[in-house]
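**Student:** For reference, the structure I am asking about is given below.
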Amino acid sequence: MTLNRRTFTALTAGAAAALALPAQAATVAPEPGRRHVPHTVTFDKYSLLLDDRRLVLWSGEFHPFRLPSPSLWTDVLQKMRSNGYNAVSIYVNWSYHSCAPGQYDFTGVRNLGRFLAVAAQVGIFVTVRPGPYINAEVDAGGFPGWLTATTGTARTNNSTYLSYADEWLTAVNAIVSKHQYTDGGGTVLLYQLENEYSSHLGDGVGAAYLAHLYAKVRADGITVPLFHNDKGRNGDWIPGSFSTNGESGRYLYAFDGYPSPSSTPPDWGYFGPGGAKGGSTASPDTPGFEAEFGGGWFDPWGGAEFAGQGYAGARASRDAVYERRFYLTNLANGIKLQNVYMTFGGTSWGWLPAPVVYTSYDYGAAVDEARNQTSKLVPMKQIGLMLESVPDLAELDRAADVTASSTAIKTYHLTNPTTGAHFYFLRNDTASDQSITVPVSVSGSQVTVPASGAGIRLTGKDMKVVATGIAVGRRTLRYTTAQPMYAATIGARDVALLVGRTGDPVELSLAFAAAPTVSVLSGSATSSYDSTAGALRVNAQLSGLIRVLIAPSDGSAPLLLLLADDEESATFWKHDSFAGPVLVRGPALLRNAFVMGPVAALNGDTTAASDLEVWAPTGIRRLLWNGSAIPTGHTVSGSLSASIQLPAPAQVTLPALTNWRYAPENPESAPGFDDSAWALANKTTSFSTTPVPAGQPVLFADDYGFHYGDVWYRGSYNAQAGAQSVSLSYSSGTQGMLMAWLDGVPLGTHRQPVPTKAQDSQSTWTATATFAVPAALSGSGPHVLAVLVRPMAHSEDGGSNDAHKAARGLTAVTFTGETPAPSVTWRIQGADTAASDPLRGPLNNGGLYGERSGWHLPTFGDGAWQRMSLPSADTSQGVGWLRTTFNLAIPRGADASIGLTLTDDPARAYRVQIFLNGWNLGQYINDVGPQHTFVLPNGILRSRGRNTLALAVLRDGTTPAGPSSVSLTLLGLTAGGVPVEDLPLTATGGRRH
Ligand code: GAL
């Protein structure tokens with residue numbers, strides 16, 4: 001059978017859906033993805049138990065709403081699974097799915113059911129976290145805009161709030177309940193109630209609220225264990241702290257933590273201070289569970305957090321070495337459920353970003369915003385595969401302290417009470433390399449390792465695991481100073497992969513009753529056999545890949561030792577096929593492996609010409625790579641090796657962006673503009689936390705149903721003579737701004753300041769902009785004051801004090817010089833909700849004239865607009881739009897990740913909203929930054945076809961305004977990728993229910 005790419009993909013998807021448990025993996029990692037087979041999900045104090053098999057959860061956070069292209073969900077989930085993660089944790093963002101009470105949309109980019117089905121196909125467990133409150137650096141912490149205009153304090157047991165929260169939970173649980181591992185519908189394994197709920201601890205309100213959520217979620221058919229994510233280590237909401245309706249043993253305590261990368265890694269479990277604030281010790285009968293542990297951090301407007309470097313700064317400070325030290329410390333502390341926040345950060349597109357962040361939510365995560373695999377995945381894969389291959393790690397007790405030969409090394413000693421394996425987690429907190437010996441327990445005796453004089457090397461700020469008494473395939477590793485990464489029985493032999501830093505001396509001792517034959521197949525290694533101990537000792541210094549084949553004298557299965565440095569380890573991939581495990585070396589990524597008869601069909605990516613070597617189940621003689629037959633030969637390592645290199649990706653050239661067309665807008669500023677259809681802003685009361693100023697109408701945008709993006713106000717009044725100035729008070733998220741015109745004449749622009757580092761977390765900014773009234777406009781008679789406010793985002797509600805209800809938009813307007821003050825009739829207009837866009841959803845648009853008129857859409861005809869070439873240098877205050885189209889012809893089989901880059905003189909005061917094919921992919925603030933490049937996700941971006949780019953430019957009017965340079969940037973390129981469906985250009989079938 002010839003497998004082309006398409007049939008291969010179909011086959012693998014179907015195969016994964018019905019995944020059989022491979023014999024080897026069954027004892028180690030319960031394999032997700034078997035449909036309609038019910039499972040039990042329980043736990044004891046050590047770990048989760050799936051059908052009574054232990055699972056260490058090695059999870060990464062990824063928000064589907066931050067990757068608005070469902071095809072690419074497969075890409076990121078495959079990258080996670082292949083890099084050793086066995087779980088993904090997702091927030092589900094209420095606001096993303098609900099534009100109005102009673103309306104919930106789970107279609108298109110909001111198709112949660114599709115995401116969960118993809119996760120099951122990929123074979124990765126899911127932790128679902130639907131709030132109702134999520135925080136997550138999204139607008140209002142995930143509360144829908146409309147909730148800001150409702151009564152009752154959110155995150156309490158207020159009945160109005162609960163009725164809305166229940167409405168959301170009913171909608172989301174109807175989907176989640178169909179994808180649970182318990183019921184066999186999918187791989188949802190855990191479900192989080194609320195997030196970092198640290199309020200109303202002792203007054204009964206919090207307990208009643210959580211009890212309500214617990215009961216509601218169970219009533220909705222959620223049968224997996226539930227948990228809450230305790231903010232830091234407060235010991236809040238441990239089992240028993242609120243009613244679980246008589247149900248016991250179905251609720252876990254979890255906490256989160258974001259330690260400074262420059263601190264000593266914290267002991268939040270077995271080795272810590274203990275007690276309620278000790279982390280996992282708050283709940284000794286449930287397994288250590290970090291529902292979030294820092295994998296990066298977010299960056300505010302202006303970039304103060306990382307000194308303007310943006311997310312490169314996050315990735316540099318939370319690098320691979322950070323991961324080894326901090327995550328291994330967690331494992332040493334008995335943390336058996338660990339979720340790295342974020343593993344793919346993605347994009348806070350449209351009006352998703354909370355005030356504390358800008359568009360990119362790259363987070364410095366292991367998979368970057370452009371979906372590239374970064375070097376941060378290397379330790380994650382090493383640890384993730386180790387957890388799968390060394391089941392002893394799932395049940396560990398603290399053991400007697402041991403002291404390494406240097407006190408500079410922190411040593412954590414643990415043992416598995418069932419198997420007797422011992423683990424020594426060694427951490428170097430100094431900046432210099434250390435070489436040590438450690439007394440370890442081998443078959444009940446104390447042995448100082450290594451026996452050779454070379455010592456165990458720990459480079460500065462590094463951490464590694466030394467193990468004793470573990471199995472590698474059918475053999476016993478008495479001890480190893482190289483960290484185990486993977487071991488399996490593959491075909492007729494056992495294969496073990498062990499890793500460390502380049503230059504590390506390593507020593508392994510293996511149990512053999514008689515001297516085996518040892519062949520060093522590549523690199524250099526020495527061995528010696530001790531017949532008294534029945535032990536073969538292997539010594540090597542890591543450099544690239546060292547292969548040692550050990551053939552027992554009794555003719556039993558040989559063992560292939562693969563000793564790899566980090567760089568080499570990154571080229572190894574494993575996949576559990578029907579026929580057994582497959583280990584692959586060479587490509588940049590193995591997505592999956594499908595074994596059929598003598599053929600192993602592999603699917604993956606290359607970034608350069610690559611080797612392909614495969615250890616496959618017995619009988620495999622042929623290899624396909626992405627559907628193409630690859631000539632192979634057998635090696636002495638027992639592998640099949642390609643006799644050609646896998647191809648590098650084809651070159652890609654991106655077009656220049658030219659042929660711009662331009663149209664000015666803001667007709668709303670003109671006195672004669674017809675605003676009769678706009679809402680009258682004449683309310684007198686509000687549920688906002690911002691007080692309504694005495695004697696003034698409510699001007700808060702949310703009270704009139706305008707929750708996202710720009711809002712226009714037009715105030716008409718009949719003046720007496722003599723107005724000298726007008727003061728506009730407004731309230732916004734970070735980087736809010738307003739522009740005002742009187743009778744069509746610009747009064748000026750006001751902007752909230754760029755946050756300093758100390759203001760990183762300030763979310764609501766208020767200011768009063770006072771503009772002089774030009775003498776010519778202060779006369780008696782009718783006047784129109786027009787104000788455009790960019791309110792940015794609503795605050796999150798981390799303190800459960802309705803912070804998301806702080807007003808957005810104008811709050812008060814006063815005149816000086818006129819007595820009595822003129823009586824102003826206000827009208828307000830924001831996003832055109834009547835023409836809402838079910839394809840792109842409620843967060844795509846605000847109320848600019850161009851947005852209300854569809855100028856952002858690819859279907860809009862701009863033929864009458866004036867031609868323009870960049871740079872632009874308009875100095876007028878107001879709004880203008882630029883549009884162009886470009887064609888891409890990315891070769892099939894290439895995954896090109898493309899961004900849009902804007903650069904200009906940083907003194908120029910303007911901002912740009914970027915619409916690609918109608919999708920609002922971000923906001924650029926030229927004189928604030930730090931973001932200059934915006935990811936354009938494939939699916940929205942048509943890799944083969946025509947694209948329409950529309951830029952909505954707000955010019956402060958104080959300097960010439962750009963944009964000056966706008967170009968496409970290639971952010972990533974691989975041969976491989978996943979098939980991508982282009983999203984439709986128009987909303988034909990957005991379904992609401
Ligand atoms: C946590 C919170 C997350 C996110 C994170 C910081 O405390 O639970 O939602 O806000 O901090 O990125």
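**Student:** Considering only protein heavy atoms and a probe of 1.4 Å, how much of the accessible area of segment 238-375 is carbon and sulfur, as a whole percent?
**Tutor:** Values: 1830 of 3490 Å².
The computed percentage sits at 53.
**Student:** Same structure again: Say a paramagnetic label sat at a point 7 Å from the Cα of residue 721, along Cα to Cβ; which residues of segment 768-799 have their backbone N under 14 Å from it?
**Tutor:** Backbone N within reach: 775-781.
**Student:** Could you tell me the calculated FRET efficiency between residue 245 and residue 905, based on Cβ-Cβ distance and R0 = 60 angstrom, to the nearest 0.05? Each step should come with its number before you reach the end.
**Tutor:** Numbers: r = 63 Å, r/R0 = 1.04.
Calculated value: 0.45.
**Student:** Which ³J(HN,Hα) values in Hz, rounded to whole numbers, follow from the phi angles of segment 86-96 under the Karplus curve 6.51 cos²θ - 1.76 cosθ + 1.60, where θ = phi - 60° and Gly and Pro get x?
**Tutor:** Running phi through 6.51 cos²θ - 1.76 cosθ + 1.60 with θ = phi - 60° gives 9, 8, 10, 10, 10, 7, 10, 9, 3, 5, 5 Hz.
**Student:** Once the Cβ-Cβ distance between residue 659 and residue 312 is put in as r, and R0 is 25 Å, what FRET efficiency do you end up with, to the nearest 0.05? Don't skip to the end; give the middle numbers.
**Tutor:** Details: r = 33 Å, r/R0 = 1.32.
FRET efficiency, residue 659 to residue 312: 0.15.
**Student:** May I ask you to evaluate 6.51 cos²θ - 1.76 cosθ + 1.60, the Karplus curve with θ = phi - 60°, for each residue of segment 775-785 and list the ³J(HN,Hα) values in order in whole Hz, giving x for glycine and proline?
**Tutor:** 3, 5, 10, 9, x, 6, x, x, 9, 10, 9
**Student:** What is the diffusion coefficient of the chain in µm²/s, taking the Kirkwood radius over Cα pairs and the Stokes-Einstein relation at 4 °C with a viscosity of 1.567 mPa s? Before the final figure, lay out each step's value.
**Tutor:** Values: Rh = 30.0 Å.
Translational diffusion coefficient: 43 µm²/s.
**Student:** Now a separate question. Once you keep just the Cα pairs under 8 angstrom separated by 6 or more residues, what percentage relative contact order results for the chain?
**Tutor:** Working: 2664 pairs, mean separation 112.8, N = 993.
Rounded, it is 11 percent for the chain.
**Student:** Could you let me know the centre-to-centre spacing of segment 753-809 and segment 269-310, using Cα atoms, in angstrom?
**Tutor:** Cα centroid to Cα centroid, the span is 34 Å.
**Student:** From the residues 470, 492, 454, which one has its Cα farthest along the dipole of segment 418-557 in the positive direction, the dipole being from +1 and -1 charges on Cβ of Lys/Arg and Asp/Glu about the Cα centre?
**Tutor:** 492
**Student:** Would you pull out the residues with amide H under 5 Å of residue 365's amide H, same chain only if 5 or more places away, H placed 1.01 Å from N?
**Tutor:** Amide H neighbours of residue 365, under 5 Å, 5+ apart: 345.
**Student:** Just report the Cα centroid separation between segment 99-117 and segment 424-499, whole Å.
**Tutor:** 48 Å
**Student:** Quick check for me: using +1 on Lys/Arg Cβ and -1 on Asp/Glu Cβ, what's the dipole size of segment 767-894 about its Cα centre, in debye to the nearest 20? Intermediate results must be reported in sequence, preceding the final value.
**Tutor:** Working: 9 positive and 9 negative charges, 68 e Å.
In total the dipole reaches around 320 debye.
**Student:** On full extension of the chain, what length is gained from residue 670 through residue 513, given 0.36 nm per residue of separation minus the C-alpha to C-alpha distance?
**Tutor:** 47.2 nm
**Student:** For residue 748, enumerate residues with amide H under 5 Å from its amide H, sequence gap 5+ or separate chain, H modeled in the peptide plane.
**Tutor:** Here 740 satisfy the definition.
**Student:** May I pose another question? Taking only Cα atoms, what is the 0 to 90° angle, nearest 10, from helix 377-389's long axis to the longest principal axis of the chain?
**Tutor:** Once rounded, one gets 50 degrees.
**Student:** Would you pull out the residues with amide H under 5 Å of residue 131's amide H, same chain only if 5 or more places away, H placed 1.01 Å from N?
**Tutor:** HN-HN under 5 Å from residue 131: 92, 194.
**Student:** Taking the Cα centre of the chain as the origin and placing charges on Cβ (Lys, Arg +1; Asp, Glu -1), which of 130, 555, 384 is farthest toward the positive end of the dipole?
**Tutor:** 555
**Student:** Next question. What translational D, rounded to a whole number of µm²/s, comes out for segment 499-595 from Stokes-Einstein when the hydrodynamic radius is the Kirkwood one over Cα pairs, at 4 °C and 1.567 mPa s?
**Tutor:** Numbers: Rh = 14.8 Å.
The calculation lands on 88 µm²/s.
**Student:** What is the list of residues in segment 533-564 whose amide nitrogen lies under 15 Å from a point 7 angstrom out from the Cα of residue 474, following Cα to Cβ?
**Tutor:** 550-560
**Student:** In whole percent, how big is the carbon plus sulfur part of the accessible area of segment 481-599, probe 1.4 Å, protein atoms only? Each step should come with its number before you reach the end.
**Tutor:** Numbers: 1840 of 3560 Å².
So the carbon and sulfur contribution to the accessible surface is 52 percent.
**Student:** What does the accessible area per residue of the chain come to in Å², with a 1.4 Å probe and no ligands, DNA or RNA counted? Kindly include the intermediate steps, with their values, before the conclusion.
**Tutor:** Details: 30840 Å² over 993 residues.
Heavy-atom SASA per residue in the chain reads 31 Å².
**Student:** Within segment 147-195, what whole-number % of the accessible surface is contributed by carbon and sulfur, with the 1.4 Å probe and all protein chains included in the calculation?
**Tutor:** Working: 580 of 1160 Å².
Carbon and sulfur together cover 50 percent of it.
**Student:** Nearest 0.05, what FRET efficiency do residue 816 and residue 680 give at R0 = 22 Å with Cβ-Cβ as r? Present the calculation step by step, with values, prior to reporting the outcome.
**Tutor:** Numbers: r = 26 Å, r/R0 = 1.16.
Efficiency at R0 = 22 Å is approximately 0.30.
**Student:** Still on this structure, I have one more. Using only the alpha-carbon atoms of segment 413-473, report the extent along each of the three principal axes, biggest first, to the nearest angstrom.
**Tutor:** Dimensions of segment 413-473 along the principal axes of its Cα atoms: 37, 22, 21 Å.
**Student:** Assuming 0.36 nm per residue, please report the length gained on full extension of the stretch residue 42 to residue 502 beyond their Cα-Cα distance. Display every interim value, and only then the final one.
**Tutor:** Numbers: separation 460, 0.36 × 460 = 165.60 nm, distance 4.08 nm.
Contour length minus the Cα-Cα distance gives 161.5 nm.
**Student:** Expressed as an acute angle from 0 to 90° and rounded to the nearest 10, what is the orientation of the C-alpha long axis of helix 70-82 relative to the principal long axis of the chain?
**Tutor:** Approximately 30 degrees, to the nearest ten.
**Student:** If you filter segment 855-961 for trypsin sites (Lys or Arg not before Pro), then keep DSSP loop positions with at most 16 other Cβ within 10 Å, what is left? Can you show the working numbers first?
**Tutor:** On the way: sites: 867, 883, 892, 908, 911, 942, 944, 946, 955; in loops: 892, 908, 942.
Within segment 855-961, the qualifying trypsin sites (Lys or Arg not before Pro) (loop, at most 16 other Cβ atoms within 10 Å) are 892.
**Student:** Where nothing but the Cβ of Lys and Arg (+1) and of Asp and Glu (-1) is charged, how large is the charge dipole of the chain around its Cα centre, in debye to the nearest 20? Show your work: numbers first, answer last.
**Tutor:** Working: 69 positive and 77 negative charges, 381 e Å.
The dipole magnitude comes to about 1820 debye.
**Student:** Whole angstrom only: what separates the Cα centroid of segment 710-724 from the Cα centroid of segment 924-956?
**Tutor:** The distance from the Cα centre of segment 710-724 to that of segment 924-956 comes to 35 Å.
**Student:** If you fit an axis through the alpha-carbon atoms of helix 5-17 and take the longest principal axis of the Cα set of the chain, what angle between them do you get, 0 to 90°, nearest 10?
**Tutor:** 80 degrees
**Student:** So what J values fall out for segment 437-452 if you push phi through Karplus, 6.51 cos²θ - 1.76 cosθ + 1.60 with θ = phi - 60°, rounded to Hz, Gly and Pro as x?
**Tutor:** Here the 3J(HN,Hα) series is 10, 9, x, 10, 9, 10, 6, x, 10, 8, 10, 8, 10, x, 6, 6 Hz.
**Student:** Among 609, 534, 570, flag the residue with its Cα farthest along the positive direction of the charge dipole of segment 520-628, charges on Cβ as +1 for Lys/Arg and -1 for Asp/Glu.
**Tutor:** Result: 609.
The values are calculated or read from the model by the stated rules, or taken from the named source; none is laboratory data. Being a predicted model, the structure only gives us computed values, none of them experimental. Don't worry about glycine lacking a Cβ; one is built from the backbone with ideal geometry, like all the others, and counts go over all protein chains shown. Note: accessible area is taken over every heavy atom of the protein model, side chains too, but ligands, DNA and RNA are not part of it. Shrake-Rupley method; radii C 1.70, N 1.55, O 1.52, S 1.80 Å.
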